[in-house]
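Structure record follows, encoded as structure tokens.
Only the coordinates and a few stated rules stand behind these numbers; no lab work does. As the structure is a prediction and not an experimental result, all values here were calculated from the model. Glycine also receives a Cβ, built like all others from the backbone with ideal geometry; neighbour counts cover every protein chain displayed.
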Amino acid sequence: MEDTKQEAVIEHESGLRFIEPSYTVARQSFGKMHCWGTLLNSPQFTTVEQLDKRMNELDRVEERKVWVASGDGTCPSDASEGFKAIVSKISGKTYSVVSQDYQPIDDIQVVKPLYDFSIERGLKPVGRFDAIGTGKTRGHVMLTNPDFTVQLLKQYDDPIMLGVIIRNSYNTETSYGAEVFGVRMVCINYNLWGSLLGKFAFRHFRMVEQLLDAYEELIEGLLNKLPVFSDKLQGAVNQIVLETEVQDLLWGIKLPIRGVDELVSNITAFEPQVKEVGLNAWTLYNATTAWITHREKSGRYLDATSQHARNAVDLLTVNHDEILKRGIESRIKYEERLKEAKAEKKLVKAELEVRKVA
């Protein structure tokens with residue numbers, strides 16, 4: 001394990017600047033940037049002009065009439081008045097058949113408020129949009145420029161950049177909306193802080209005006225909430241965590257077993273500041289998000305990565321006694337199931353041996 005002395009500032013191809021970790025685990029992951037493998041290493045836009053161009057390439061839909069087949073398999077001559085089809089203008093693909101109350105929102109309508117905000121505040125939007133054409137568009141937009149960071153803690157240097165995750169669905173599986181996320185400049189940890197700094201989600205029965213109001217509230221609320229958020233993180237720094245609690249705390253936030261084992265066995269590999277400031281709620285959270293971010297499949301399975309990142313926020317916001325309680329319960333249940341499975345396997349093996357002898 002290398003020393004954790006300070007870190008060279010790297011100019012990334014996106015125009016953003018990151019602090020390269022000097023310690024082994026993070027250094028090995030930094031070059032691959034698993035969680036940001038495509039999201040950051042291959043940005044589709046790094047300026048408002050490029051964002052504008054990319055916005056106009058996003059999916060948009062139209063409503064079409066539908067005919068409901070009768071019992072004998074024939075279609076009536078008149079279209080159904082109760083339903084309509086949502087069809088992509090880009091691919092012609094039918095995403096869903098919905099009620100007349102459904103109001104589709106084009107991708108660009110979800111994104112444009114961020115474009116306007118970037119121009120108004122002189123910020124540099126960096127990011128990309130994915131899954132276009134699937135009916136479930138998702139985007140990551142960091143509202144920043146090479147010099148814009150947020151310093152949330154006073155004791156030690158830990159700058160964080162903020163951005164907004166955008167999602168829109170045409171297939172009725174999910175709603176549309178936005179959520180604040182953060183990226184640590186050290187280790188590029190993926191932090192989903194929507195529950196703390198702001199998020200919104202609407203079903204497709206709302207008008208666009210309500211979407212604009214929600215965005216304004218999200219952005220303005222974000223700026224207003226930062227001081228309170230900083231105080232919460234300060235409280236996490238002051239909350240000591242015992243090494244004996246780590247396993248069950250991680251079970252309590254539903255971290256995968258592999259993550260629990262790796263963090264328990266060598267937590268400083270994921271958060272070297274534990275050596276300097278000790279084990280507390282903030283350093284445990286950072287170690288956890290480092291594991292979530294840099295695991296091999298984090299970028300490939302971003303939905304699971306996002307859920308783990310949301311669960312990790314409990315380490316900052318939920319009473320640790322409560323997390324420990326549910327963690328202990330989950331761990332015991334798992335260990336009991338494991339014992340039962342081993343016993344069953346042993347029984348099956350014994351029966352096979354008996355049959356061989358017979």
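What does the highest-first list of 164-170, 286-292, 117-123 look like by mean Cβ count within 10 Å?
Working: 164-170: 23.6, 286-292: 26.9, 117-123: 14.1.
Those peptides, ordered most packed to least, come out 286-292, 164-170, 117-123.
Mind listing the long-range amide H neighbours of K124? Cut-off is under 5 Å, sequence gap 5 or more, other chains count too, H placed in the peptide plane at 1.01 Å from N.
T144, N145
Long-range amide H contacts for V61: which residues qualify at under 5 Å (H placed 1.01 Å from N, peptide plane, sequence gap of 5 or more or a different chain)?
K89
Over all directions, what mean area does the Cα convex hull of the range 257-327 project, stated in square nanometres?
Values: hull surface 19.3 nm².
Reported value for the Cα convex hull: 4.8 nm².
Of K53/K93; K199/K333; K93/K199, which sit over 26 Å apart, Cα to Cα? Kindly include the intermediate steps, with their values, before the conclusion.
Values: K53/K93 23 Å; K199/K333 34 Å; K93/K199 30 Å.
K199/K333; K93/K199, as the Cα separations exceed 26 Å there.
Can you give the FRET efficiency for D52 and K346, using 1/(1 + (r/R0)^6), R0 = 56 Å, r = Cβ-Cβ distance, to the nearest 0.05? If you can, show how the numbers build up before the last one.
On the way: r = 65 Å, r/R0 = 1.15.
The formula returns an efficiency of 0.30 here.
What distance in nm separates the two pseudo spin-label positions at T134 and W67, each 7 Å out from Cα along the beta-carbon direction?
Output for this residue pair reads 3.4 nm.
Given the Cα-Cα distance of L324 and E81 and 0.36 nm per residue of separation, how much length would full extension add, in nm?
Contour length minus the Cα-Cα distance gives 82.1 nm.
Taking the range 197-352 on its own, what percent of its Cα-Cα pair distances exceed 19 Å? Could you put the intermediate results ahead of the total?
Details: 7824 of 12090 pairs.
Cα-Cα pairs of the range 197-352 separated by over 19 Å account for 65 percent.
Subtracting the Cα-Cα distance from 0.36 nm times the residue separation, let me have the gained length for S195 to N266 in nm, one decimal. Write out the running numbers ahead of the final one.
On the way: separation 71, 0.36 × 71 = 25.56 nm, distance 2.91 nm.
So the extension gain works out to 22.7 nm.
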